[in-house]
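The values are calculated or read from the model by the stated rules, or taken from the named source; none is laboratory data. The structure displayed is predicted, hence computed values, not measured ones. With ideal geometry, Cβ positions are generated from the backbone for all residues, glycine too; neighbour counts draw on all protein chains shown.
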Amino acid sequence: MNEDDAMTEPDTSTSLTQDARRAGGTGEEMIRCERVQKWFGDFQALRDIDLVVGRQEVVVVCGPSGSGKSTLIRCVNRLEKHDGGRIVVDGIELSDDIRNIQEVRREVGMVFQQFNLFPHLTILENVTLAPRQVRRVPKAEAEQHGMELLERVKIPEQAHKYPAQLSGGQQQRVAIARALAMKPKVMLFDEPTSALDPEMIKEVLDAMVQLAESGMTMIVVTHEMGFARAVADRIVFMADGQIVEVGTPTHFFTNPQEERTKLFLSQIL
Amino acid sequence: MSEIKVHSSEYRPPPPDRPPSGTRSPGVWVRQNLFNTWYNSLFTLILVPAIGYVVYRAIRFVLVTARWEIVEVNLTNLMVGTFPRSELWRPWAAVAILALVIGLGLGVTARANVEAARIRGIELTTSWQQNARRAAPALLLVAALVTFVRTATPLILLAATVVLAVAGYLVGRRIPPHRRRWMHLAVITGLLGSYVVVTQFDGVSLDRWGGLMLTVFLAIGGIAMAFPVGVLIALGRRSTLPAIRLVSVVYIELIRGMPLIALLFMGWLILPFMLPVGFPTPGRTWRVVIILLLFTAAYVAEIVRGGLQSIPRGQYEAAQALGLPPWKTMRLIILPQALRNVIPAMVGQFISLFKDTSLVLIVGLTDLLAVARRVTQQPEFLGQGLHAETLLFVSFIYWVGSYWMSRESQRLETRLGLGER
């Protein structure tokens, strides 16, 4: 259960997979990170990250700012290139091969802190762009699927508006729909509620809870501990580029093992 | 106490107050703006008579003193230079084609604007004053030409051209938005067609063009080709391939470090010798077009680079995360936004190019300005000092073109940016 223990073992793969299985996924492995390293210049952002996420598992990553949470999930879809170790997503190892990267990106959806909607396209165009351009879905089919997704995130009536006409919460829900339009197997969330006004956080979290219940594999970087407690199968606590502790929500909140985790929890709870 | 409702179940915001009325009488405006302090009163008392005098002299010259017959007699020269008079139907046909496609383009864009505004929930009302102001430069030019025309034929043809432009506009308004992409094709075909109709089929070679016709050709040709080339070089400068990046940087810095006149001389004198043996040397006018295009492309590239840098990283990342390949990210996400951000600078560069075409007179081309200089040497006008009339007339034409571009760019900016950001 404790990541430090896992790292002392010579072969980490079996114990990592068992971790994922115990925690709630189907047992099939979706994402595997082995001894992942990442430097920004001289600064080491990630050191020896070992993590396996099972299919349909929801993993929440938390930790103080600068601890490498965002860097970790940005490595999973290669927005950042990792400098050491291996990352395997759904059986495809991320390497310098651009085809592998594109293939992984098609399977992995991402939601950003700053929404990053395309301001010159309407909401529906934002949602249908990738399926039409990358998966070559015909226009009518893409729009029908897009409208279904917008209904799922409860904003079908905004379909023909532009992003700037929507509130922050609505924009973030569009961003979720846009990522889902590619029918991804994994969804990454990079602090999806951090840029939102307080009254809009709930509508975005509701959409994420609904998504988790539908069986999506998710890695969520967030400070929303209520969400983590309710939805996460496992919580990963990071500090200084390392995974300090991994555990189920109950274990994490009631019985943290490491001093660093206790300190973090005492400051945010 | 009856206003206080305790059982109100639903929150209603209070009704908005009216903003304070801002209308002031002209007398109050003058006192508040022109005579509010002693020094402001002094400026007003000095400047009003001075401006009045200059305006009076200008109007008096234009309406009374000026001997406009030099423009009247030479109007055809100013329009087409030494273009063979028996072939004048060709430029007229070209003008007709251009009028049609420009009208068509304006019509399609107008409709697209209305639809876009409807989506964004903005009422787009165009008052007739706005339309009049928009058309004012073109109307002024037509009015000036009509004043100087002595025979009936050009007037009839001019009227027919205007009718064609209006017809194109009305057709454009009827084209549904999803067929809009054909409009670009129509405009390009129109531009090429107007060139073909003048030069091909026993037509007149480019080197015999002159006057306004040549100026417009140089400007449109330069702009239409410098834009795509400039965008490509800007992308080249940001390329991940070092060789392409190096070539782009060297090109931009080299061209921007040389005066346009030096480049024009090079195109005239050196370019023919630098071409491979057996390669047909382009005509003199084409060489000038190529130089203008290469010159402007370097500046366009730097403007576009600025636009590319104004796009936040998040836009690239969002497109990458969706699996869009790099060139589609550029074409569908980055360039549309980047180019919109640089419309003012870009149009400024094009206005600059339009006026810089007058430099071609130093390599022997008879553009609008060159014709204006030459007609004062004609036997009937020699030594009479009619420089002001001709220079004023061609300056007016340059001004109409530049002002029109400037106004249209402002419109484009506001229309494209409706409701965004």
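Residue-wise test of (1) within 14 Å of chain B (Cβ to nearest Cβ); (2) in contact with a Leu (Cβ under 6 Å, 6 or more places away or on another chain); (3) on the phi > 0 side of the Ramachandran plot.
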position: A:ASP83; (1), (2), (3): no, no, no
position: A:ARG86; (1), (2), (3): no, no, no
position: A:GLY91; (1), (2), (3): no, no, yes
position: A:VAL111; (1), (2), (3): yes, no, no
position: A:HIS120; (1), (2), (3): yes, no, no
position: A:TYR162; (1), (2), (3): yes, no, no
position: A:ARG173; (1), (2), (3): no, no, no
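Filtering segment A:85-111 to residues that are exposed (fewer than 15 other Cβ atoms within 10 Å of the Cβ) and either within 17 Å of the chain's Cα centre (by Cα) or in a strand (DSSP E or B) (or both) leaves A:ARG86, A:GLU93. Out of the residues in segment A:213-269 meeting the condition of being without any contact (Cβ under 8 Å) to a residue 60 or more places away in the chain and under 10 Å from A:CYS62 (Cβ atoms), tell me which one is surrounded by the most Cβ atoms within 10 Å (Cβ to Cβ). Only one residue fits best here, namely A:PHE252. The one condition from (1) crowded, with 20+ Cβ neighbours inside 10 Å; (2) touching a helix residue (DSSP H, G or I) at 6+ places or on another chain (Cβ under 7 Å) that B:VAL216 does not meet is (2). In the set B:ALA143, B:ALA117, only one residue is assigned to a helix (DSSP H, G or I) and at pLDDT 80 or above; that residue is B:ALA143. The numbered conditions (1) more than 30 Å from B:PHE381 (Cα to Cα); (2) in contact with a helix residue (DSSP H, G or I) (Cβ under 9 Å, 6 or more places away or on another chain); (3) at pLDDT 75 or above are all true for B:ARG24 except (3). What about B:VAL289, is it in a helix (DSSP H, G or I), surrounded by fewer than 19 Cβ atoms within 10 Å (Cβ to Cβ) and either modelled with pLDDT of 85 or more or at positive phi (or both)? For B:VAL289, the condition - in a helix (DSSP H, G or I), surrounded by fewer than 19 Cβ atoms within 10 Å (Cβ to Cβ) and either modelled with pLDDT of 85 or more or at positive phi (or both) - is not met.
Count, please, the residues in segment A:52-84 that happen to be in a strand (DSSP E or B) and either among the aromatic types (Phe, Trp, Tyr) or under 28 Å from A:SER214 (Cβ atoms) (or both). It would help to see each step written out before you state the result.
Residues of segment A:52-84 in a strand (DSSP E or B): A:52-54, A:58-62, A:84.
When the remaining residues are screened for being either among the aromatic types (Phe, Trp, Tyr) or under 28 Å from A:SER214 (Cβ atoms) (or both), the result is A:52-54, A:58-62.
Result for segment A:52-84: 8.
Suppose we filter B:GLY267, B:GLY257 for residues that are assigned by TED's automatic domain parsing to the domain that holds B:MET405 and without any contact (Cβ under 8 Å) to a residue 60 or more places away in the chain; which single one remains?
Values: B:GLY267 fails: without any contact (Cβ under 8 Å) to a residue 60 or more places away in the chain.
Just a single option satisfies the conditions, and that option is B:GLY257.
What do you reckon, is A:GLN133 within 21 Å of B:ILE334 (Cβ to Cβ) and either more than 9 Å from every other protein chain (Cβ to nearest Cβ) or at pLDDT below 90 (or both)? Here the answer is no, as A:GLN133 does not meet what is asked.
Taking the numbered list (1) crowded, with 18+ Cβ neighbours inside 10 Å; (2) modelled with pLDDT under 75; (3) part of a helix (DSSP H, G or I); (4) not small (Gly, Ala, Ser) in turn, B:THR414 passes all entries but (1).
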